[in-house]
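Each value in this text was obtained by applying a stated rule to the coordinates, not by laboratory testing. Quick caveat, the model's predicted, so the values are computed rather than measured. Cβ sites come from the backbone with ideal geometry, for glycine too, and all protein chains shown count toward neighbours.
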Amino acid sequence: MKPTSMQWRDLVSESVAGLASRPLRTLLTVLGTVLGIAALVSTVGIAQTAGNRIIGTFDALQATSVVVTNESSWSGDAAVAFPSDSEDRLIRLNGVEAVGTLGSVNVGSDLVSAVKLDDPLGRYEFQISVLAASPGLLDAVKGELRMGRWFDVGHEERADDVVILGPGAASQLNIFRVDQQPVVFIGDKPFVVMGIIRDVDRQPQLLDAVIMPEATARKHYGYAGATTVQIDVSLGAGDLIAEQAPVALNPNDPTVYRVQKPPSVDSLRNRVEGEINSLFIILGGVSLLVGAIGIANVTLVSVLERVGEIGLRRAFGARRRHIAGQFLLESTTMGIIGGIIGATIGILVVVGLSAIRQWTPVLAPWIPFGAPLLGAVTGLLAGVFPSLRAASLEPVEALRSGT
Amino acid sequence: MAGTTLLQATGLRPAPLSPVLHLSGIGRTFLSGDTEVPALTDIDLTVTRGEYVSVVGPSGSGKSTLLHILGLLDRPTTGSYLFEGNEVADLDEASRTAIRGRRIGFVFQSFHLLSHRTVLENVTMAMLYTEVKRDVRVERARAALDAVGLTHRIEFPASRLSGGERQRVAIARAIVSGPSLVLADEPTGNLDSVTSESILGIFDSLRRSGQTIVMITHDASIAAHADRRVSLKDGRLQLEAAR
Ligand SMILES: Nc1ncnc2c1ncn2[C@@H]1O[C@H](COP(=O)(O)OP(=O)(O)O)[C@@H](O)[C@H]1O
Ligand SMILES: [Mg+2]
């Protein structure tokens, strides 16, 4: 005769009915798992929220800036110039968002002056610092222009006689528009003003300077090369780029440059998360273990209480596997219920705590899904022994005990 | 099985004399410590289709042991057991379970209902493992409950039924799969005499509809309801008395 079988749907509904017939006990049994999962979820959530908070309070500007300089060391060694293709070498590195080079131009005693077109006699001379910059610098310092534009590779290649004014220099020179191509003089050399800076986030000396392309500076003043390389890196890439940049700039001896790297965000966050985590994850793990033992215990009690039912089902054609499956599914379901309730409580704890501290709650998306799964695994493991016990009962022995 | 299938296919009523079960030389010994205790010795018994047989005997005479062997819940130590013409004494567990679930209905002294479940659920449960579709299960359960006069209690939880009603549910559950054999172990043992009579009346009507029944009892007046009475004493069949 064809062996008996059980449909999945029936297995599920029998298991659910088994749990639903003792709702209070089911809830109490699930409590251990609820506590375990809640502890784990709130721990991970609080750690993530706090970790996020640390990044938030952290100066992102600082965290994404790497500066390489070739200032000679105290020992007095001559500074090693940056290669002229520094920008190209660095922009290729993974994690570099923008690169620009910057250096002072020695204009001797030359002063800077502007010609007022409507009043040729109103000619005032100022001592303003002159800097040379590469096309990428504006992005690297997170700068913005008030008007006009920053020079590009074309100006650099042609060594055009153009300048950009910092806002301080512009107001000293009384230049507020660039649409009519005003000219400034450095000494007696005229330069066309291409643009005026509104603001920069890094290298504030730019604000009071007259800035020209590097090739232009080389042509007129024998500019030797940049002294500073400003790199804008993506968040978290600071350490890596700080290590790689000097190598890219001078593979033979990277140590000739000084590197200012941002304080490491990752290590800070990891330390905080790590400290919170290790304690509470142990705590959560222990409560989860206690929860599993609770489920195992109650499932076993339930098996012993329902010996008669087991015998009855065997009389109806249930095979050992059907009996085992039913109890295994009951314990797994308890685990899932514990996981869901636990995750909910854990999330509420994280949200509540964040609300009190006025933090933004952060929770990895896998947690709401992972927690019930963890509960299910807990329940499944807890159910193995009781289920095997139930399946091993002989029908006659089982029926001898009343229901 | 082939005989049954043929009968079902031709739509004929089963031939009255084809045996549902045939025991020959059945023995069952239990190990009690190191000593073997014989509970049944050399039992020969044939029950034909449509027969209502009662097994009587004092407590400890081996009645329940015999019923467990008949119901394939237990294996005999020795002897041959033909169920519907097939040897089942040495069959593998999966096949025995299948025969038990599909061909045999059980009624117990202590009812064995699941008290948290409704009357209907208790009856449909008997078809849980035998590949009967859900709606068919409900349909059949309603018919079986109708046959025992419990239509009005279908959605009651079993815990709210009286003893007599519980046993009716158990009988409905035993017959719902259309078994070829119904086994009852002291079905009125927990009931008062008036209720007992009504339960015995249900068995009588089952008998009239052609159901094969083997009922265990220690009460001779109850045994009198059956067509045939066999008597057990110290694990041996004593005499067979026709009604
Ligand atoms: N599992 C068992 N282990 C040992 N002895 C048993 C077992 N089951 C029944 N017996 C013994 O077999 C004999 C018959 O028991 P049983 O069939 O229950 O009698 P009855 O149902 O007629 O009262 C008794 O002596 C009983 O002690
Ligand atoms: Mg007995």
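Note on A:Leu381 and B:Glu139: their simple-model spin labels are 4.8 nm apart, each label 7 Å out from Cα toward Cβ. With a cut-off of 15 Å on the backbone N, the residues of the range A:154-172 near the modelled label site 7 Å out from A:Gln181 along Cα-Cβ are A:155, A:160-163. Ordered from longest to shortest, the equivalent ellipsoid semi-axes for the range B:160-243 are 22, 16, 12 Å, each the square root of 5 times a Cα gyration tensor eigenvalue. If you only keep lysine pairs separated by 8 or more in sequence, or across chains, how many in the protein assembly as shown come under 20 Å at the Cα atoms? Value for the protein assembly as shown: 5. Close amide H contacts of A:Ser129 (hydrogens built in the peptide plane, cut-off under 5 Å, sequence separation of 5 or more or a different chain): A:Val210.
Annotation: extensible slack from A:Glu71 through A:Val286 equals 71.8 nm (criterion: 0.36 nm per residue apart, minus Cα-Cα distance). The packing ranking, built from the mean of other Cβ atoms within 10 Å per residue, places the peptides B:49-58, B:35-44 in the order B:49-58, B:35-44, highest first. Reported to the nearest whole Å, the Cα centre-to-centre distance from the range A:1-19 to the range B:173-212 is 27.
Here B:Asn86 and B:Asp42 are evaluated by their C-beta separation; at R0 = 22 Å the FRET efficiency comes out at 0.50.
Between A:Asp188 and A:Ala159, the contour length at 0.36 nm per residue exceeds the Cα-Cα span by 8.7 nm. In this calculation the C-beta distance from A:Lys2 to B:Thr78 is compared with R0 = 30 Å, giving a FRET efficiency of 0.55.
The stretch between A:Asp85 and A:Asp152, if pulled fully straight at 0.36 nm per residue, gains 22.7 nm over its current Cα-Cα span.
Taken along the Cα-to-beta-carbon direction at a fixed 7 Å, the label points for B:Ser24 and A:Ser13 span 4.6 nm.
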